[in-house]
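Here the structure comes first, spelled out in structure tokens, and everything after it is commentary.
FYI, it's all coordinate maths here, none of it is from the lab. Owing to the predicted nature of the structure, the values given are computational and were not obtained by experimental measurement. Virtual Cβ from ideal backbone geometry, glycine too; neighbours counted across all protein chains shown.
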């Protein structure tokens with residue numbers, strides 16, 4: 001069944017041919033998710049990148065996917081694909097997508113995982129309206145616990161939407177949002193794991209500074225963060241309510257929270273999310289300027 005079936009029916013994912021244009025950690029995470037969930041077979045997946053052939057053969061050996069390291073092979077694997085993932089670095093995006101003009105066809109679905117790159121810019125570079133899925137996954141996708149924001153161009157059918165959501169649900173959860181909000185998703189969950197890691201760094205350092213061994217400080221911090229996230233998910237309660245439940249009047253937690261408040265913790269996090277969202281927009285503008293030169 002064509003991805004552009006007029007009925008909008010969901011194609012059989014196992015029959016589709018996938019191509020990953022860019023072979024970094026996010027591409028690998030999606031490949032692994034597709035295969036581990038049994039959504040497709042290795043021979044249905046092709047991988048290519050700008051010049052690192054060793055990386056392509058590494059993925060081929062690890063997962064059995066098809067590498068395309070030479071010019072003719074790259075073009076062939078792009079032309080035959082039903083779904084093309086744009087997974088290159090933002091700085092390489094404009095030139096890489098420009099090479100797709102005249103290669104991609106209206107029957108294909110384009111899925112972008114490039115921060116800040118708008119659907120309109122992609123269509124401008126490609127020189128035509130296309131079925132485009134713009135996404136913002138995060139690095140937790142590499143262990144199947146990702147969070148991905150998704151937006152669609154007007155040309156994407158109901159069947160194609162179902163395919164895209166199935167793919168990203170293979171590496172975590174998905175949230176469909178209006179495209180302008182994808183930069184906000186970038187600020188909240190795309191960059192979000194780094195905020196938590198940064199907090200964990202500080203907690204581990206504090207434990208060590210106050211006398212714990214590095215190993216003990218790390219294990220206690222990791223388990224604390226894991227338990228807190230699991231509590232929010234398992235109980236369905238608001239984080240603010242869970243915080244209140246563990247904050248006894250005049251107790252240790254209240255003293256700690258007051259210290260964070262005095263140092264602008266909430267404002268700092270909100271500012272970080274806003275700046276990450278803004279930077280995503282700036283990256284998109286940089287790509288657009290490069291594409292229109």
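Scanning the stretch 9-41 for residues that are loosely packed, with under 15 Cβ neighbours inside 10 Å and either touching a helix residue (DSSP H, G or I) at 6+ places or on another chain (Cβ under 7 Å) or more than 21 Å from residue 138 (Cα to Cα) (or both) yields 9, 12, 14, 15, 25, 38, 41.
Here the condition is being farther than 23 Å from residue 138 by Cβ, touching a residue at least 60 places away in the same chain (Cβ under 8 Å) and in a helix (DSSP H, G or I); of 282, 288, 258, it holds for 288 alone.
Just one of (1) in contact (Cβ under 8 Å) with a residue 24 or more places away in the chain; (2) surrounded by 14 or more Cβ atoms within 10 Å (Cβ to Cβ); (3) not in a helix (DSSP H, G or I) fails for residue 173. It is (2). Under the condition of being in a helix (DSSP H, G or I) and in contact (Cβ under 8 Å) with a residue 60 or more places away in the chain, which residue from the stretch 111-140 is farthest from residue 287 (Cα to Cα)? Filtering the stretch 111-140 for residues that are in a helix (DSSP H, G or I) and in contact (Cβ under 8 Å) with a residue 60 or more places away in the chain, the one farthest from residue 287 (Cα to Cα) comes out as 139.
May I ask you to list the residues in the stretch 146-158 that are in contact (Cβ under 8 Å) with a residue 60 or more places away in the chain and buried (at least 19 other Cβ atoms within 10 Å of the Cβ)? Explain how you work it out, then say what you get.
First, the residues of the stretch 146-158 that are in contact (Cβ under 8 Å) with a residue 60 or more places away in the chain: 146, 157-158.
Selection gives 146, 157.
For the stretch 176-191, enumerate the residues that are free of Cβ contacts under 8 Å to residues at least 60 places away in the same chain and touching a helix residue (DSSP H, G or I) at 6+ places or on another chain (Cβ under 8 Å). Full working, then the answer.
Start the filter on the stretch 176-191 by keeping residues that are free of Cβ contacts under 8 Å to residues at least 60 places away in the same chain, which leaves 176-178, 180-181, 185, 189.
Correct list: 176, 177.
Taking the stretch 13-88 as the region of interest, the helices (runs of 4 or more DSSP H) fully inside it that hold 2 or more residues being within 22 Å of the chain's Cα centre (by Cα) and within 24 Å of residue 119 (Cα to Cα) are 25-36.
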